[in-house]
Each structure stands twice: as C-alpha cells, then as structure tokens.
C-alpha cells in the first residue's frame, strides 16, 4: 500500500499544526463557532448528539496493521474503547473532546493517517473496491488511481467551498462493489477499443432526499487526461451548482436540471481550456504510486484443499470468503454484524486482534468495506481455519456476509443529531428475528440497509430491502422500500406504503421475506423475485 | 416548561442550564421560561457553552423530561449502549424511560 | 470601510469598481466588481485595460469566487485581483493560490495573522494559479 514520502508527511504534519492553531483560537474566542465550523468539518470533527465526533479517513478503505493498532489506541486513549466503521470506508469516534482533537491528529500523523476532508463542502474520501488487488475480475488495481485523486483533491484551493459535499469512487471491474453509480463521480477503469487505459465517467449519482443513479457523462477518458477532466467537472459544478437551497445543492441536481448532455458539453468546453494548463501529473507519478501497490510476495505451489470437518467453520468458509486471483489464496471477510450487535462497531481489543491477524495472515493489510465489515485480502487457504478460530473467539466470526443479518445501518438517532429515528435497535431486532443461520442461508443474498433519516447514510435507497426512519408526529416511524441495488445493476428502492412502528417494521420485513420464499423460482434472490413479480404481492402480504 | 441545553466547548459534553452553571445532568435543569434565548446569547458570548438552544420539557418526579425523543437520547446517552449512559446525580433516583 | 490586505508592489488602484453591467456598457472604466453569479469570462476581452477586478464574497461559504479568480489568471490577467466581503483568515491561503493578491475583508485581518495562516500551505499537491510547484513536479523534477 502507499507510503508517504517527505512531502506527504509534511503536508499532514502541517495540517496538524494548523488545526492546533485553529482550535487554540476557537477556545480563546478569537473565532466564533460559525467561523470555526467549516474548519473543523474539513478535519472531520462534527458536533454530534452526545459529544464531538471525529471521522478518520481510511483512503480507499486500505489499512496496514500498524495503522489499525493506532485506531485501537485512539479508541482507548481518547474515546470510550470502540470505533465505528462507516459506509464510506472510514472510521468514526463518538466521544471526542475538542481540546484533544489536535493530539489525536498528531498521533494519526505518526502512522500516515489523518482526518482531512472527511466532512465539509469539499471532495471527500475517495472510496474503492474492498477486494482491490485480490479479486480476479479487475483489469488492474484501482487504488493507485484513487491515491492520485486523493492527492489532487487534498486542500484543493478552488474546490474547498463547493455547494455541497463531493464523493468519488473508483473501481476496475465490471462488477461494482463500490456503488459508483450512486456517487457524485464514479470512475470505472477500462480499456477502449484501441486497448488504451482510461475511465468511464459517471457523474450525478447519489442518495439522500432525491436519490439518482448517475448517467455516463463520458464513456472514455484516458488516464493521461483524467485529472484535468475531473478538474473541469468540478469547476462546472463549483460555478453552476445550486447554492440557494441546501437540499438541492449536490451535483446530481445540476446534472438532472440541465441534463446529462448539457452538463457533458459544459465539461468538454471547460476541459478544452483546462487541459492546456499542465494540471495532469506526469506518467512517472502514477508509476511511482503504483509501485506501492505491487502484489505481495505470494507463495506458489500452495494447496487448494481445505478441511471442512468443523461444520461452523464450513459455514463461515462458504459465506465469508471470496475467490482470490492467486492460487492457494482467498479473500476473507470479517463480519462486524454479530446478531444483536451494533453494525460496524468494533472494540479496541477487536481492532487490535484484527491488526494482529492481518499481520500474521494477510501480508499486513486490511480493508474497510462500505457495508461496514473488514476484509483480510490475501489469506492462504491453509490459514483460513486458524484465522476463523481466532475471529470466532472474539465475536468476529459471524458467517453472514450478504445475508439478511449483514445489515448496513447508520448510527441513527442514538448518535446522530441529524437523525429522525433510531436505526441500530431496528437492525438488532431484525437480526434477532432471523438469527437462525439455516434460515438466513436459505434466504440467500439479501442486502438490508437502514437509514435513520433522509440523508441516507445507511444507503437505504440501495438496499434490496431498505428501511428509512422518519419522525411521525414526534414518534419514530419506519418506511419500507424494496428493489434497490448499489451494484452494476444500480436501482433505487421503492416505498411499499404507510410506515410502521419499531415492532411493525420487523414483522413487515418477515412477511416480505416469506412472500419472496413463496414466489421465488430456482436461484432467484429476493431482489430478483421482487424485480420479476413487482410490488403488488409484497404489498398484499404486508398490509393484508 | 422550557429548558436550555448546549455543549461544553472544550469537551463536547451535553450540558443543561441550572440557573447558575452548566450541568451534565438534565435533572438539574431549570425552567427558563421566555428568557432562554437571552441566557443562551450571554453564555455563548462568554464561552461558557457552545451552540446552546431552548427545548420543551415536562416536569417529572426525577426532574425535567425532554419532550422530544432526540433530546431525551441526548440527555441519557445512546439507548443501545446503556453502559455509556449519563448517570443521574442522585444514584437513588429512578431513571425515566425513552 | 474594511482595511485592505495587499500582496502587490504597485500602487493600490484609485478608481472605484463599477458593476459588470456598467463596465460592459462603458468604455473607460478600469475597475470592475464581479458578483458570485456573474461570469468572469465576460471580462476576458478587456483584461489588458483593467487595473482592478474585485470579486464579491457575500458569504464565506459561497466558493464561486475561487473559480472566477483562477479563470481570470488563466486568461492572462495580471492586474489586481481582490476578494471582498466575508473573507476569513483561513481562506486567504486558498484564495492566493487561486490568484487573488488583495483582500478587503469585512472583519479586518492583520497581515501578520494572514501570513501565519498562509504559511501552513507551503507544500501543495496540485497546480493552481500561483507559481508554486505541485508536489508531483518536485518529485519528478
């Protein structure tokens, strides 16, 4: 993975000093909260329901074991012993003190980490495929490109006061494991007919109040030009994105209102000018970065056989591992969704354990997924059993990847001042209702996503089953949606009808699931059955 | 009744106006009536609180109970982590339920 | 009137800035003011006779002026480029990188404080309107 050079380190260290200065000035009253807020947001520091919350960046979801240990240290020293992995591959700490925030950033800087631009109306963490560098279906590792973009977007002087936040995702396969069509900009690495390397560019996706699937704005931009092309995309947005209404300020609204064709035309016009400015880094810079992403020293001649005699291990093997491009290896997924647990949360001890396991079994590397789980990308098949035993002993061995209890849930009203309803208790109740693993496996792939408010941080629009918490006359109420997908077959979920209270929503989900079972044909997932038969049978079952 | 809440600037702790100081315990909050905005303005200006605002609450045996669920969660702590709850000042007092 | 923070060697421009509409209608104005929703490119044919372009920041959150500034510098404007309005000390470094060389903040900012804040942005990752080499250029010569 990427390692900072002196320049990267200086930038991060300087940022710590700058933020320390800003915090000092805030505490001394030299700047008001209104003036300080954008500064602290650009360092990922929110004032949340219970305390300050710090969102630490995990660039394209990649971590070393050393960095993971620092995350555990921060949880212990500055927080209350745990952290929350988010739907953008970052980690959040919920109990931060402002006066300690500069020290936390200083500690992070010692392991090449930061909290830069994890909030604010600027370009956020560049996300990517959690199986990058390991999956057989990628045409190359997307992460060096993501690193190039991370540097390009960091403290970009023109794009730090955008109309709204800006999220970019990069993948390198046909299968979309990073939901690129639901990002402000989604990039898919590909080759054109001439065999040249470049990106298909999607612009204007997003969830929230007005969810949209991004159109393709440009089918191919060469890797040599894509930075200046993105500069043009951002400049058009900065100049013409709406600033009159907070809820209409994302780029998806601009693309929708002027049309994809017109937006693409304006970008081409701007790019014709911008590409002459020498903004694109030279190929040597990409090569320098890419060298850090060379494959680890895989062993060869390894066996493929795995002893499945432990039935619990066999279940985990079937659900929580994914084929690796290198013979003898597998991708292992650590579930942070134990039944009844808090989705995405991990204790400091668990984080330390995962660091140790990464060091021992995965060439020192981990990934955070946008589904709030952790990946060990390069595990020898021969080591999977020992790995699983260690995970199982620490409550990290739940065999539920992509099953109904592998729920994505935002922190919701338990933690978030934007929320209208609690999401975590709903996730817990649903997981408990479906706790039986045989039942879960019978249901198969079922991506259930819960948001506590319309901001959709739980990605409910992209759930096969989505749940949206609302405030109905001061009471928590839950709307049910079906048919969303964040994969390459991107679609937005549709509401079933009137909402439910916290017990009603669990029953409604169960009725929907039983309807699926009654109607499914061979091999169909919930999503497939829903797409085939439509809303009507489900509505009848749920509302009687 | 109307009570005044905010966050401690340096620690981020949720705090409640007691009439004399900012307490971490909602049961010590007083009714500010119509004067909440003026107090908020004064206290924020003196940097004794950050981002204060007035909320509605009802009187109960154990002190003010915020009317809106969001404010109650703010007063108690995350409902899914009772081990992190804000403990009442009087350990013998009953807890009010969400 | 807010105090001017200036990073130019020449004398401050005397003439008051007229609105864009007025400027485009006049033949002898040498100073113009751009509102956030006005197109900086409308000035491109007239850059050599402009001594001052003032870009309005009615609220510090409105970042359109940053693009306006870069566009003007990219078009070859060498006169004074001023950010006026709700300009905060922590924005000066970004504004200078976009090509602003003078500042008329509503709330006065001391030069010393501005320079101190700007010094945190010595090393930069990307090319902008200032002369600074981005890190990738430093790496590869």
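For the reader, a short list of remarks on this structure follows.
- Yes/no for residue A:488 being surrounded by fewer than 17 Cβ atoms within 10 Å (Cβ to Cβ) and farther than 25 Å from residue A:250 by Cβ: no
- The single condition among (1) touching a residue at least 24 places away in the same chain (Cβ under 8 Å); (2) more than 14 Å from chain C (Cβ to nearest Cβ) that residue A:80 does not satisfy is (1).
- Identity of the residue in the range A:229-270, under 24 Å from the mean Cα position of the chain (by Cα) and in a loop (DSSP other than H, G, I, E, B), that ends up nearest to residue A:198 (Cα to Cα): A:250
- At least 3 residues being in contact with a strand residue (DSSP E or B) (Cβ under 7 Å, 6 or more places away or on another chain) and over 17 Å from residue A:18 (Cα atoms) is the threshold, and among the helices (runs of 4 or more DSSP H) wholly inside the range C:41-123 those reaching it are C:64-74.
- Residue match in the range C:62-70 (condition: away from every other protein chain (no Cβ under 12 Å) and at pLDDT 95 or above): no
- Matching residues, the range B:60-85, being under 11 Å from the mean Cα position of the chain (by Cα) and facing chain A (nearest Cβ under 9 Å): B:73, B:74
- Check on residue A:435, more than 19 Å from the chain's Cα centre (by Cα), within 22 Å of residue A:311 (Cβ to Cβ), assigned by TED's automatic domain parsing to the domain that holds residue A:506 and assigned to a loop (DSSP other than H, G, I, E, B): yes
Conditions (1) assigned to a loop (DSSP other than H, G, I, E, B); (2) in the same structural domain as residue A:241 (by TED's automatic domain parsing), marked per residue:
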residue	(1), (2)
A:84	no, no
A:150	no, yes
A:163	yes, yes
A:173	yes, yes
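Every residue, every condition in (1) more than 14 Å from chain B (Cβ to nearest Cβ); (2) in contact (Cβ under 8 Å) with a residue 24 or more places away in the chain; (3) under 20 Å from the mean Cα position of the chain (by Cα), yes or no:
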| site | (1), (2), (3) |
| --- | --- |
| A:60 | yes, yes, yes |
| A:94 | no, yes, yes |
| A:99 | no, yes, no |
| A:107 | yes, yes, no |
| A:119 | yes, yes, yes |
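- Matching option when the condition is buried (at least 16 other Cβ atoms within 10 Å of the Cβ) and at negative phi, among A:246, A:230, A:277: A:230
- If you filter the range A:420-443 down to residues that are within 19 Å of residue A:515 (Cβ to Cβ) and surrounded by 17 or more Cβ atoms within 10 Å (Cβ to Cβ), you find that the one that is farthest from the other protein chains (Cβ to nearest Cβ) is A:443.
- Inclusion of residue A:463 among residues that are surrounded by 24 or more Cβ atoms within 10 Å (Cβ to Cβ) and in contact with a helix residue (DSSP H, G or I) (Cβ under 6 Å, 6 or more places away or on another chain) is not warranted.
- Restricting attention to the range B:1-59, the residues being assigned to a loop (DSSP other than H, G, I, E, B) and either within 13 Å of another protein chain (Cβ to nearest Cβ) or in contact (Cβ under 8 Å) with a residue 40 or more places away in the chain (or both) number 13.
- Selection count where residues are surrounded by 22 or more Cβ atoms within 10 Å (Cβ to Cβ) and closer than 17 Å to residue A:125 by Cα, scope the range A:40-49: 6
- Answer residue from the range A:444-475, given it is assigned to a strand (DSSP E or B) and out of contact with any strand residue (DSSP E or B) (no Cβ under 8 Å at 6 or more places or on another chain) and is nearest to the other protein chains (Cβ to nearest Cβ) among those: A:475
- Of all residues making up the range A:370-410, the number that are assigned to a loop (DSSP other than H, G, I, E, B) and within 18 Å of residue A:348 (Cα to Cα): 6
- Flag for residue A:366 being in a helix (DSSP H, G or I), touching a strand residue (DSSP E or B) at 6+ places or on another chain (Cβ under 7 Å) and buried (at least 21 other Cβ atoms within 10 Å of the Cβ): no
- Residue under evaluation residue A:417, criteria (1) within 14 Å of chain B (Cβ to nearest Cβ); (2) more than 22 Å from residue A:513 (Cα to Cα); (3) surrounded by 18 or more Cβ atoms within 10 Å (Cβ to Cβ), criterion not met: (3)
- For the range A:271-297, taking the residues that are within 28 Å of residue A:328 (Cα to Cα) and part of a helix (DSSP H, G or I), the one that is farthest from the chain's Cα centre (by Cα) is identified as A:291.
- Residues of the range A:50-82 that turn out to be in a loop (DSSP other than H, G, I, E, B), buried (at least 24 other Cβ atoms within 10 Å of the Cβ) and touching a helix residue (DSSP H, G or I) at 6+ places or on another chain (Cβ under 6 Å), as a count: 0
- Extreme residue, farthest from the other protein chains (Cβ to nearest Cβ), among residues of the range A:208-223 that are touching a strand residue (DSSP E or B) at 6+ places or on another chain (Cβ under 8 Å) and part of a loop (DSSP other than H, G, I, E, B): A:213
- Scanning the range C:97-122 for residues that are more than 18 Å from residue A:15 (Cα to Cα), surrounded by 19 or more Cβ atoms within 10 Å (Cβ to Cβ) and within 11 Å of another protein chain (Cβ to nearest Cβ) turns up C:98, C:99, C:100.
- The number of residues in the range A:298-321 that are surrounded by fewer than 18 Cβ atoms within 10 Å (Cβ to Cβ) and either within 28 Å of the chain's Cα centre (by Cα) or not in a loop (DSSP other than H, G, I, E, B) (or both) comes to 5.
- Residue pairs meeting the criteria (Cβ under 7 Å; at least 6 apart or on separate chains; first touching a residue at least 40 places away in the same chain (Cβ under 8 Å) and more than 10 Å from chain C (Cβ to nearest Cβ), in the range A:5-33; second surrounded by 15 or more Cβ atoms within 10 Å (Cβ to Cβ) and not in a helix (DSSP H, G or I)): A:12/A:114; A:27/B:9; A:27/B:10
- If you go through the range A:118-132 and keep only what is part of a loop (DSSP other than H, G, I, E, B) and buried (at least 24 other Cβ atoms within 10 Å of the Cβ), you end up with A:118, A:125, A:126, A:129, A:130, A:131, A:132.
The values are calculated or read from the model by the stated rules, or taken from the named source; none is laboratory data. Source: prediction; values computed, not measured. All Cβ positions, glycine included, derive from the backbone under ideal geometry; neighbour counts span all protein chains shown.
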